[in-house]
Amino acid sequence: MAEKVLVTGGAGFIGSHIVDRLIEDGFQVVVVDNFSSGKEENLNSSAIVEEGDIREREFLDRVFNRHNIDYIIHQAAQIDVRKSVSDPVYDASINIIGLLNLLELARVHKVKRFVFASSGGVVYGEPKELPVSEVYPKGPLSPYGVSKLSSEYYLFYYHKTFGLPYVALRYGNVYGPRQDPHGEAGVIAIFIGRILENKDLTVFGTGEQIRDYVFVGDVAKVNRMAINLDLRGDSIDDFAFNIGTGVGTSVNELIAYFKEFTGYSKESIYAPPRKGELNKIILNSKKAMETFGISWTPMLAGLKTTYEWFKEKYERE
């Protein structure tokens, strides 16, 4: 009988790619999603779907009693940095209380491994050394960053106290097909939406802000491998992996990439910088590359794949 994986946020951008990968590899997948941002169109038809909120313990109790869960891959989260600043209690209700609900059930039901989506973009704060490694001092500068780092400490506690195996994946800026270009979303999805409609691109600040962009297919691959990864250690960093390419790309460089292969030629509009956003982050992912044996999708190839997916969707609609 196939092992069963619970994927929270499995109708979302990253979660749905993980679900596809797991099903492709022969796992049974149970998706938990409240569809606040996840979409039905992202769902794999072979997945079992349980609609509900991770903050609701009774709902999760029913899910765990109904299914014999072997592994948890926890992607559901409040991911908007600005929302976390304006309403830190709301951020914590999802990112901390939701996690604790799952950890308690993982403990009771003796889940084999818990894979957690952390953030390499926020737990380190504004690092003075780049690229930043897993052991770099932590200094989150937003409630969202604090909630992600706190989550890793909760996971470490459950591992040390109850023997719950876990892996924390500190994502860079994930991009790819299915990312939502509307509202709070990644800059790549937003730019593609604007380019397809031949609208102006707005750049906040100078455009020299640097991020480590990682393709969603690579992230899905690492999550799938992480459920079989047995780790030992004495700190949260022993259980964590930076998931990024080790290559920094500025906003201005992103636009240049798009102009190179789309024919878009409008000049960008520059607006005041946003408060609370980091200036530069590049992740040292040597540990992940050695452990998972992965090579990252090159930026231009990933952008072209993503653009083509959005273009086909745009033309259908």
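The values are calculated or read from the model by the stated rules, or taken from the named source; none is laboratory data. Predicted model, so just to flag it, every value in this text is computed and none were measured. Glycine also receives a Cβ, built like all others from the backbone with ideal geometry; neighbour counts cover every protein chain displayed.
General observations
Condition check ((1) among the aliphatic types (A, V, I, L, M); (2) farther than 20 Å from residue 119 by Cα; (3) modelled with pLDDT of 95 or more) across all residues:
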{"position": "278", "(1), (2), (3)": "yes, no, no"}
{"position": "281", "(1), (2), (3)": "yes, no, no"}
{"position": "287", "(1), (2), (3)": "no, no, yes"}
{"position": "292", "(1), (2), (3)": "no, no, yes"}
{"position": "295", "(1), (2), (3)": "no, no, no"}
{"position": "306", "(1), (2), (3)": "no, yes, yes"}
{"position": "311", "(1), (2), (3)": "no, yes, no"}
{"position": "316", "(1), (2), (3)": "no, yes, no"}
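- Any hit, region 175-183, residues being under 20 Å from the mean Cα position of the chain (by Cα), closer than 21 Å to residue 145 by Cα and either surrounded by fewer than 20 Cβ atoms within 10 Å (Cβ to Cβ) or at pLDDT below 90 (or both): yes
- The condition of being in the same structural domain as residue 139 (by TED's automatic domain parsing) and more than 19 Å from the chain's Cα centre (by Cα) does not hold for residue 218.
- Residue match in region 126-139 (condition: of a type in the set (A, V, I, L, M, F, W, C), closer than 22 Å to residue 222 by Cα, assigned to a loop (DSSP other than H, G, I, E, B) and at pLDDT below 95): no
- Residue in region 154-168 that is crowded, with 20+ Cβ neighbours inside 10 Å and among the polar types (S, T, N, Q) present: no
- Qualifying residue in region 122-132 (condition: within 18 Å of residue 167 (Cβ to Cβ) and either buried (at least 23 other Cβ atoms within 10 Å of the Cβ) or in contact with a Gly (Cβ under 9 Å, 6 or more places away or on another chain) (or both)): yes
- Failed item, numbered, when residue 77 is tested on (1) closer than 14 Å to residue 10 by Cβ; (2) at pLDDT 95 or above; (3) of a type outside the set (Phe, Trp, Tyr): (2)
- Number of positions in region 281-312 that are under 22 Å from residue 179 (Cβ atoms), surrounded by 14 or more Cβ atoms within 10 Å (Cβ to Cβ) and of a type outside the set (A, V, I, L, M, F, W, C): 8
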